[in-house]
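Heads up: the structure comes next, in structure tokens.
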Number of protein chains: 2
Amino acid sequence: MSKLEKAIVAIVEVFEEYAGTDDQKKQLSNAELGQLIKAQITSPEFKDKMDSDNIKEVMEELDKNHDGEVNFREFSQCIAGLARAYWQKKHGKDKCKGKGKGCQDK
Amino acid sequence: MSKLEKAIVAIVEVFEEYAGTDDQKKQLSNAELGQLIKAQITSPEFKDKMDSDNIKEVMEELDKNHDGEVNFREFSQCIAGLARAYWQKKHGKDKCKGKGKGCQDK
């Protein structure tokens, strides 16, 4: 398995690990999201993007369909956002030449 | 660094490695995208989602702002899509209770 595939599998495994602690095994509850962030977001590069002291706010940000839980789709979008934040810290913002979707800020 | 953070860093590193082979070091050209997919998408779980025999089609799918290159934002959305496809293969589709953004298919 390639480096990229290993990374994708790791993201799925982290979600499974924390989502699996209550009955709703395919979703992260407020408490599970809190545990995940507390344990998995530990480096300064990521910590300022996602604050474990304010889980309620993070939950509201991620829970796009407002059902009180974070599903894998919502989680994957969050990880993409964290990756972009990390990229931007290293390289600066992408220049946007077009006006297509790829240029929009979330 | 946590498992999740390592995965995010790995995604950024893979992009940097392939985007860095021509002058436009922050973007993947058609050729670079082809090399990335050929080398990094090797397992059957991912291969059927992204076909290295048809790079032009993949490029058109990813290049949301139509500038002929794939920037990191576009790449991160692609990785999130691959992660969702892998998740769905393991767990089936998420049930959508609400009608919010988190439920939409891309």
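Throughout, read-outs are computed from the coordinates displayed, never taken from laboratory work. None of these values were measured; they are calculated from a predicted model. Please note: Cβ atoms are built from the backbone with ideal geometry, for glycine as well, and neighbour counts cover all protein chains shown.
Of the trypsin sites (Lys or Arg not before Pro) found in region A:1-60, those in coil by DSSP whose Cβ has at most 13 other Cβ atoms within 10 Å are A:Lys25. Note on B:Lys90: aspartates and glutamates with a C-alpha under 12 Å away, same-chain residues under 8 apart excluded, are A:Glu13, A:Glu16, B:Glu45. Loop-located chymotrypsin sites (Phe, Trp or Tyr not before Pro) in region A:1-69 (DSSP state other than H, G, I, E, B) with a sparse environment of at most 15 neighbouring Cβ atoms within 10 Å are absent.
Membrane-span-like helices in chain B, defined here as complete DSSP H runs extending at least 20 Å along the helix axis by their C-alpha atoms with mean Kyte-Doolittle hydropathy no lower than -1.0, are B:3-19, B:72-91; this is a sequence and geometry rule, not a statement about a membrane.
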